[in-house]
Amino acid sequence: MGFIVAPAIGLVVLALGWCAVPALNPSGSFASCWAGGSVLPVVAGLGALFAYPAAIVFGIPLFMLFRRRAWLQWWQVALGGILVAAVSVLALSLYGRSVSGALDYFLLCGSVGFASGIAFWGIAVCRNSALTPRC
């Protein structure tokens, strides 16, 4: 369930942040940015094309490694989300033969990875007796 819901939560956090940062919001108002309905479909729709494949291709193997090493604290899983984002941005940059473009998207994808990692920890790891005795 964590691999299904956590990327969506990360994308919603990105959309909320997008409307809150004045430099990214030309309308200048959080309400008009969010209520206009343009931010959420664009961020969630386009972001899902990248977030879900990254979670499957890089996130699942990384989670297995973290589980084996008992790296299941909230901050470790959040850093794992950033690592998944970094590796996916690098892979797409190498595929597109534009490594310099990777730095432009790292902050954007890294923030989604961080929020998704925390959401994943809350959904799949916290209070899961098969993984850890406590949160």
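The values are calculated or read from the model by the stated rules, or taken from the named source; none is laboratory data. Remember, it's a predicted structure, so these values are computed and weren't measured experimentally. FYI the Cβ positions are ideal-geometry reconstructions off the backbone, even for glycines, and counts take in every protein chain you see.
Go through (1) of a type in the set (Phe, Trp, Tyr); (2) under 9 Å from the mean Cα position of the chain (by Cα); (3) not in a helix (DSSP H, G or I) one by one and return the number of the condition PHE114 breaks.
(3)
Mind listing whichever residues of region 117-131 are in a helix (DSSP H, G or I) and either surrounded by fewer than 16 Cβ atoms within 10 Å (Cβ to Cβ) or β-branched (Val, Ile, Thr) (or both)?
Those that are in a helix (DSSP H, G or I) and either surrounded by fewer than 16 Cβ atoms within 10 Å (Cβ to Cβ) or β-branched (Val, Ile, Thr) (or both): ILE118, ILE123, VAL125.
Is it the case, given these coordinates, that LEU103 is at pLDDT below 90, touching a Phe, Trp or Tyr at 6+ places or on another chain (Cβ under 9 Å) and in a helix (DSSP H, G or I)?
no
Residues of region 87-104 being closer than 21 Å to GLY17 by Cα and either crowded, with 17+ Cβ neighbours inside 10 Å or among the polar types (S, T, N, Q) (or both), which ones?
Once the filter is applied, which keeps residues that are closer than 21 Å to GLY17 by Cα and either crowded, with 17+ Cβ neighbours inside 10 Å or among the polar types (S, T, N, Q) (or both), region 87-104 yields VAL89, ALA102.
Given the criteria assigned to a helix (DSSP H, G or I), modelled with pLDDT under 75 and surrounded by fewer than 12 Cβ atoms within 10 Å (Cβ to Cβ), does ALA31 qualify?
In short, yes.
Residues in region 62-83: is at least one modelled with pLDDT of 75 or more, outside any helix (DSSP H, G or I) and buried (at least 16 other Cβ atoms within 10 Å of the Cβ)?
yes
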